[in-house]
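Asker: Below are the structure tokens for one structure; questions will follow.
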Amino acid sequence: MCTSFIYRGQDTIIGMNFDNNGMKFNIDTKNPKWFTVLVDGGRGKCPSFGVNSSGKFFNSLVVNSNGKGLYRRASKKVTHTTKLITDILNEVIYPENLGEYLTNIEVVNTPDWSCHNMICDSNANVWVIEPGRGNINNLANSSPLFVMTNFSLWDYLYENVDCNCERFKIVSSELANAKQVNIETAFDVLNSVSQRNGEWVTEFSMVYSKNSRTVYYCFNGNFNERFEYKF
């Protein structure tokens, strides 16, 4: 499945492995402010993850359901994960104001899916929205790194549930022990947790550098053949 991280150092570095089980996906840069990857999960293409020139980042990763946070029709008090992401892309919601927004709106899942969202603002402050569980705010000055994969961070941090995801442990350890985290380091970390076999295979990987305002990316675990998108 997927792996993502934020590293807050002299440069803000964002890394993401998209592990796919055959869903169609494509890069979308029609909105010049965003580099976005759209994924068709069976109901048409929707924004799955993306970053912009100022370091704002979002993703939507699969997580086990706890039986709560199931889809309900959007209203003044309820939105769903895909609409939340779309509203951020369209600047209806600004990540810097997400705390206030989440006090008034409940985020639920889309039909037939259970996901959690990581939202990063331009100052590398992070929100994690886990429908049916809760919302986590991780401030940039609280830690040099933040990692999210496919298990519930709410359960891990607040419900004393053990982490059963080796990818989370590996990335957290490698980033914490790195003398310097840069573009090369980030790709090395993503490579170390890339998935080559099984149902979920790493088909797309990206590293964003805020200092260079550039997205570096590659396909199918080929970390030596990279492309660039400059804002």
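Asker: For the chain, what is the mean residue ellipticity at 222 nm derived from helices alone (per DSSP H run of n ≥ 4: -39500 (n - 2.57); sum divided by total residues; nearest 500 deg cm²/dmol)? Walk me through the numbers before you get to the answer.
Answerer: Details: 5 runs with 44 residues, N = 231.
Here the helix-only value at 222 nm equals -5500 deg cm²/dmol.
Asker: Nearest 5 is fine: what % of DSSP beta bridges in the chain come out antiparallel, could you say? Mind showing how you got there, number by number?
Answerer: Values: 58 of 61 bridges.
For the chain, the DSSP antiparallel bridge percentage is about 95.
Asker: Would you compute the Debye intensity of the range 1-65 from its alpha-carbon atoms alone, equal scatterers and no solvent, and pass along log10 I(q)/I(0) at q = 0.13, 0.27 Å⁻¹ to two decimals?
Answerer: -0.39, -1.29
Asker: Also, quick follow-up: Just the Cα atoms of the range 1-155, one point each, no solvent: what log10 I(q)/I(0) does Debye give at q = 0.09 Å⁻¹?
Answerer: So the normalised log intensities work out to -0.25.
Asker: Each residue of the range 168-185 in turn: what ³J(HN,Hα) in whole Hz from Karplus with 6.51, -1.76, 1.60 and θ = phi - 60°, glycine and Pro shown as x?
Answerer: 4, 5, 5, 5, 4, 5, 5, 5, 5, 9, 6, 5, 8, 10, 9, 4, 5, 4
Asker: Also: Hey, what's the range 62-196 come to in accessible area per residue, 1.4 Å probe, Å²? Display every interim value, and only then the final one.
Answerer: Details: 6840 Å² over 135 residues.
I get 51 Å² per residue for the range 62-196.
Asker: Still on this structure: Express the relative contact order of the range 92-196 as a whole percentage, based on alpha carbon pairs under 8 Å and six or more residues apart in sequence.
Answerer: Working: 91 pairs, mean separation 15.9, N = 105.
Relative contact order, the range 92-196: 15 percent.
Asker: Do any of Lys45/Lys230; Lys24/Lys230; Lys30/Lys83; Lys77/Lys230; Lys30/Lys179 go past 26 Å between their Cα atoms, and which?
Answerer: Numbers: Lys45/Lys230 24 Å; Lys24/Lys230 24 Å; Lys30/Lys83 18 Å; Lys77/Lys230 38 Å; Lys30/Lys179 37 Å.
Result: Lys77/Lys230; Lys30/Lys179 exceed 26 Å.
Asker: So, one more: Using a 1.4 Å probe on the protein heavy atoms, what percent of the accessible area of the range 1-71 belongs to carbon and sulfur? Numbers along the way, then the final one.
Answerer: Values: 1390 of 2890 Å².
Carbon and sulfur atoms account for 48 percent of the accessible area of the range 1-71.
Asker: Tell me which chymotrypsin sites (Phe, Trp or Tyr not before Pro) from the range 1-107 have a DSSP coil assignment and no more than 16 other beta carbons within 10 Å of their own. Kindly include the intermediate steps, with their values, before the conclusion.
Answerer: On the way: sites: Phe5, Tyr7, Phe18, Phe25, Trp34, Phe35, Phe49, Phe57, Phe58, Tyr71, Tyr101; in loops: Tyr71.
The qualifying sites are Tyr71.
Asker: Using only the Cα atoms of the range 66-163, build the gyration tensor, take square roots of its eigenvalues as a ≥ b ≥ c, and label the shape rounded, prolate or oblate: rounded if a/c is under 1.5, else prolate if a/b is larger than b/c, else oblate. Each step should come with its number before you reach the end.
Answerer: Values: a/c = 1.93, a/b = 1.10, b/c = 1.76.
It is oblate, given that a/c is not under 1.5 and a/b is not larger than b/c.
Asker: Let me ask something else about it. For the range 146-191, what % of the accessible area comes from carbon and sulfur atoms, probe 1.4 Å? Walk me through the numbers before you get to the answer.
Answerer: Details: 1110 of 2510 Å².
Carbon with sulfur: 44 percent of the solvent-accessible area.
Asker: Cβ under 12 Å from Gly69's Cβ, Gly69 left aside: what net charge do those residues give with Lys, Arg +1 and Asp, Glu -1? Let's see the in-between values first.
Answerer: Details: positive: Lys68, Arg72, Arg133; negative: Glu106, Glu130.
With Lys, Arg at +1 and Asp, Glu at -1, the net is +1.
Asker: To continue, here is another question. Distance in nm between label sites at Asn222 and Lys179, each 7 Å beyond Cα in the beta-carbon direction?
Answerer: 3.2 nm
The values are calculated or read from the model by the stated rules, or taken from the named source; none is laboratory data. This is a predicted model, so every value here is computed, not measured. Please note: Cβ atoms are built from the backbone with ideal geometry, for glycine as well, and neighbour counts cover all protein chains shown. Accessible surface is based on the protein model in full, side chains and every heavy atom, while ligands, DNA and RNA are left aside. Shrake-Rupley method; radii C 1.70, N 1.55, O 1.52, S 1.80 Å.
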